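The values are calculated or read from the model by the stated rules, or taken from the named source; none is laboratory data. All figures in this text were calculated on a predicted structure; none of them were measured in a lab. Here the Cβ positions follow ideal geometry from the backbone for every residue, glycine too, while neighbour counts run over all protein chains shown. All accessible areas refer to the heavy atoms of the entire protein, side chains included, with ligands and DNA or RNA removed. Shrake-Rupley method; radii C 1.70, N 1.55, O 1.52, S 1.80 Å.
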Amino acid sequence: MTVVYSARYRIDIGPHVYPTEKYRLIYERLVETGVIGPSDVVEPEAATWEQLALVHTPEYLAKMRDGTVTDEDIAQLELPWSREMIDGFRLMVGGTIRAASIACGAEARSLRSEVGSPADFRLHASDLRVAVHIGGGFHHAFPNHGEGFCPFNDVAVAARMLQARGIERIAIVDLDVHHGNGTAFIFEADPRVFTFSMHQQHNYPMWKPRGSLDIGLADGAHDATYLRELSRGLAAVTAHAPEFIFYLAGADPYEDDQLGGLRLTKDGLRTRDRMVIEAARAAGARLVITLAGGYARRLEDTIAIHAATIEEAARATR
């Protein structure tokens, strides 16, 4: 199993509920516990503006590139604009692109080649192939604006690049506590991409565009209800016969998360991860895991949950 990570993912956004230092701490935990070694880790390259334009509008990208954002833009994004912030998130988009390339069994250059060039690889059934990105999962970014700590939609960009290389059937399994509104909007008219979001219904965002399958759970759903509904959702995902699955493994359904209220235990979240990984295996699909949200009152809990996700992926590929 290959892991994509950069120390540059720690971005200075000032005092904030979004702990960007979590990426470094997760990486260190995985190395210390022997889940990954130095040879398992690859560095990403920043997504180019041309790659971002596969999803985002020229007007929006110009504002983000030049810093000509309005107070309204900043309020909606909930992040302060800075060159460091833009560069850091471009790098994380590149990390998801790199992970997708690795999961395909292609060299990184295969997905970084000229946009729109002919397909030069195909996916073939084989043992489960997983790539993990210690970052990414920015599902609130729309084509023309960012929301909720998400300037760019990394999974959508990587999916568009896979499509440009000839991969037709993609599924996005979004298990962050918040609905994947940007992702649903981006792919609402694209039947090749099955978007599945299971989230806390009465939580951010207020507007939840319809995806292929949306399961909005009541507050305090807890493990049993959550896992029962997940089983139903994953059956619909596999019925789509995806060649490739992106999994947004949010830590924020956790029972002590500051921004979530689904009340899952750590054991429940680990079972969730195992179910998604096994569904990818059953579908014969390649899998990329991104981390998405996690805002536990104790940062250590967020680190432990994300690390457990990656431990499950490593165990499944041994």
Which listed residue is modelled with pLDDT of 95 or more and open to solvent by less than 50 Å² (accessible area, probe 1.4 Å), from PRO191, PRO209: PRO209
Check the stretch 117-139 and report whether any residue there is open to solvent by 30 Å² or more (accessible area, probe 1.4 Å), part of a helix (DSSP H, G or I) and modelled with pLDDT under 95. no
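Sort out which residues of the stretch 256-270 are closer than 15 Å to GLY293 by Cβ and either open to solvent by 10 Å² or more (accessible area, probe 1.4 Å) or not aliphatic (A, V, I, L, M) (or both), and write them in order of number. Steps first, answer last, please.
Keep residues of the stretch 256-270 that are closer than 15 Å to GLY293 by Cβ, which gives 256-262, 264, 269.
Within the stretch 256-270, ASP256, ASP257, GLN258, LEU259, GLY260, GLY261 qualify.
Matching residues to (1) at pLDDT 95 or above; (2) open to solvent by less than 30 Å² (accessible area, probe 1.4 Å); (3) closer than 26 Å to VAL132 by Cβ:
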site: GLU28; (1), (2), (3): yes, no, yes
site: THR33; (1), (2), (3): yes, no, yes
site: PRO38; (1), (2), (3): no, no, yes
site: PRO44; (1), (2), (3): yes, yes, yes
site: LEU54; (1), (2), (3): yes, no, yes
site: THR70; (1), (2), (3): yes, no, no
Which residue pairs have Cβ atoms under 9 Å apart, sit 6 or more places apart or on different chains, and have a first residue in the stretch 290-318 that is open to solvent by 10 Å² or more (accessible area, probe 1.4 Å) and a second that is at pLDDT below 95 and among the acidic types (Asp, Glu)? THR317/ASP127
